[in-house]
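The values are calculated or read from the model by the stated rules, or taken from the named source; none is laboratory data. As the structure is a prediction and not an experimental result, all values here were calculated from the model. Note: ideal-geometry Cβ built from the backbone for every residue, glycine included; neighbour counts use all protein chains shown. Ligands, DNA and RNA are excluded from the accessible area calculation, which covers all protein heavy atoms including side chains. Shrake-Rupley method; radii C 1.70, N 1.55, O 1.52, S 1.80 Å.
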Amino acid sequence: MKNQKWINKKPFLIAGPCSAESQEQVLDIANSIKGVADIFRAGIWKPRTSPNSFEGIGEKGLVWLEKVKQETSMLVATEVATPKHVELCLKKNIDVLWIGARTTVNPFYVQEIANSLKGVNIPILVKNPIHPDLGLWIGAIERLNKVGVSKIAAIHRGFYSYDKLTFRNDPKWEVPIRLREISKNIPIICDPSHITGKRALIPTVSQTAMDLNFDGLMIETHNNPNNALSDPDQQVKPKKLSQIVNKLIIRNASLRNKEFKLQLLELRNKIDVFDEEIIELLSKRKCVVEKIGKFKIENELTIFQLERWFEILKSRKRIASAMELDEEMISEFFALVHKYSIIIQTKVMQKK
Ligand code: PEP
Ligand code: MN
């Protein structure tokens, strides 16, 4: 993927309200965060799940963003979902556009937007699709690349989660990490507001993003968050935004000191040994699983035994908790192990 370097600061910060609500609101917020944020964001057309929610102020909000530019000299950004949105934004000299998560899922929409950006060289930000499909995310970036857009950044805003226990959108960090492996020069910006859905969790997720060597953050910021017309629980006040950013620890991506390098190598060697042991144990476990498969055929038992699965889950979580391991991680791990046990046993059955 081609990408012209256009971000020269870490963390690169995009901030502003979820939605532009009035001219006073955007100007008030922009004036409070100028000098802190690098780009001012505000949604004009809002893709809402319910038609009864506030769906954005529409075209007239672009005039407010123009005012923000004039008053604060900040760059301004908004979301586009159709070629018409792109056309209107370009007419009003919006500096940066982003493609939202509900648009990235659809290659037809992305292609139409890309076509309308031919010959335009402003930065375009691409949010991850709602579900963890890395191919769609990369595909959207490639569609933009193909029409000549070369200033791109990916925005990681997490993935739809049905239970929403901790986060509104599951971060699944492995997905943006994989994107980074595939495309080394695309800047990745984390959106902790849409990941967490709760302002109290934004600092921790922002720090994680920095520790994973992300390039920047997009944090929803509102002058009166509790009364915001969209996403009230996840927006922070301008003062809080500054605190969050000031408290971030920016660590080095590579180690320069030789002594540290050796220490890290030693620790990594230990991890390698543990991983080998885990694989060896999984191989031993597989032999027993095959034996159980044969036993089930001989005794005409179904492969999947619901009570046994509940028992595995309960006991493994109990052991994990006694060892101060994350119970959720252990249940995800055993769900995977169990899934493959079933596949192995199905193969044994089919052979018979
Ligand atoms: C937003 O940034 O306000 C937004 C709608 O985000 P997403 O597309 O990530 O849901
Ligand atoms: Mn929002």
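Go through region 37-52 and report how many residues are open to solvent by 20 Å² or more (accessible area, probe 1.4 Å), within 20 Å of PRO123 (Cα to Cα) and either away from ligand 1 (no atom under 13 Å from the Cβ) or acidic (Asp, Glu) (or both).
Residues meeting the conditions: 1.
I need a count of the residues in region 187-224 that are open to solvent by 10 Å² or more (accessible area, probe 1.4 Å), of a type in the set (D, E, K, R) and under 16 Å from ASP38 (Cβ atoms).
Total satisfying the criteria: 1.
Answer yes if at least one residue in region 281-300 is out of contact with any Phe, Trp or Tyr (no Cβ under 7 Å at 6 or more places or on another chain) and not in a helix (DSSP H, G or I), and no otherwise. First the steps, then the outcome.
So the first thing to find is which residues in region 281-300 are out of contact with any Phe, Trp or Tyr (no Cβ under 7 Å at 6 or more places or on another chain), and the list is 281-300.
Checking the rest, the ones that are also not in a helix (DSSP H, G or I) come to 299-300.
Scanning region 281-300 turns up at least one residue that is out of contact with any Phe, Trp or Tyr (no Cβ under 7 Å at 6 or more places or on another chain) and not in a helix (DSSP H, G or I).
Pairs, please: C-beta under 6 Å, at least 6 apart or cross-chain, first residue under 13 Å from LYS294 (Cβ atoms) and in region 324-352, second of a type outside the set (D, E, K, R)?
ILE344/VAL289; GLN345/GLY293; GLN345/ILE303; VAL348/GLY293; MET349/ILE297; LYS352/ILE297
Mind checking whether some residue in region 244-255 is within 24 Å of GLU21 (Cβ to Cβ) and either open to solvent by 80 Å² or more (accessible area, probe 1.4 Å) or at pLDDT 95 or above (or both)?
Step one: list which residues in region 244-255 are within 24 Å of GLU21 (Cβ to Cβ), which gives 244-245.
Checking the rest, the ones that are also either open to solvent by 80 Å² or more (accessible area, probe 1.4 Å) or at pLDDT 95 or above (or both) come to 244-245.
Yes, there is a match, as at least one residue in region 244-255 is within 24 Å of GLU21 (Cβ to Cβ) and either open to solvent by 80 Å² or more (accessible area, probe 1.4 Å) or at pLDDT 95 or above (or both).
For SER150, state whether it is touching a residue at least 12 places away in the same chain (Cβ under 8 Å) and open to solvent by 10 Å² or more (accessible area, probe 1.4 Å). Show your work before the answer.
Details: touching a residue at least 12 places away in the same chain (Cβ under 8 Å): yes; open to solvent by 10 Å² or more (accessible area, probe 1.4 Å): yes.
Against the criterion (touching a residue at least 12 places away in the same chain (Cβ under 8 Å) and open to solvent by 10 Å² or more (accessible area, probe 1.4 Å)), SER150 qualifies.
Taking region 233-243 as the region of interest, how many residues are within 16 Å of ligand 1 (Cβ to nearest atom) and either at pLDDT below 95 or within 14 Å of ILE14 (Cα to Cα) (or both)?
Residues that pass the stated criteria total 3.
Go over the candidates LEU241, LEU248 one by one and state the one that is under 27 Å from VAL205 (Cα atoms), within 16 Å of ligand 2 (Cβ to nearest atom) and within 26 Å of the chain's Cα centre (by Cα).
Only one candidate passes the filter, namely LEU241.
If you check every pair at least six apart or on different chains, which have Cβ atoms under 6 Å apart with a residue in region 59-77 that is open to solvent by less than 10 Å² (accessible area, probe 1.4 Å) first and a residue that is assigned to a helix (DSSP H, G or I) second?
Filtered contacts from region 59-77: VAL68/VAL26; VAL68/ALA30; VAL76/LEU65; VAL76/VAL68; VAL76/LYS69.
In region 108-148, how many residues are more than 14 Å from the chain's Cα centre (by Cα) and outside any helix (DSSP H, G or I)? Reasoning before the result, please.
Step one: list which residues in region 108-148 are more than 14 Å from the chain's Cα centre (by Cα), which gives 108-124, 135, 139-148.
If we keep only those that are outside any helix (DSSP H, G or I) too, we end up with 117-124, 147-148.
Of the residues in region 108-148, 10 are more than 14 Å from the chain's Cα centre (by Cα) and outside any helix (DSSP H, G or I).
Go through (1) more than 30 Å from ILE202 (Cα to Cα); (2) assigned to a helix (DSSP H, G or I); (3) open to solvent by less than 100 Å² (accessible area, probe 1.4 Å) and name the single condition PHE304 misses.
(2)
Cβ-Cβ distance below 9 Å, separation of 6 or more or different chains: which pairs start in region 276-296 with a residue that is closer than 19 Å to LYS351 by Cβ and end on one that is hydroxyl-bearing (Ser, Thr, Tyr)?
LYS286/TYR340; LYS286/SER341; VAL289/TYR340; VAL289/SER341; ILE292/SER341; GLY293/SER341; GLY293/THR346; LYS296/THR302
Does ILE189 satisfy the criteria of being under 22 Å from ILE44 (Cβ atoms), within 17 Å of the chain's Cα centre (by Cα), within 15 Å of ligand 1 (Cβ to nearest atom) and among the β-branched types (Val, Ile, Thr)? So that I can check it myself, show each step before the final result.
Numbers: under 22 Å from ILE44 (Cβ atoms): yes; within 17 Å of the chain's Cα centre (by Cα): yes; within 15 Å of ligand 1 (Cβ to nearest atom): yes; among the β-branched types (Val, Ile, Thr): yes.
In short, yes.
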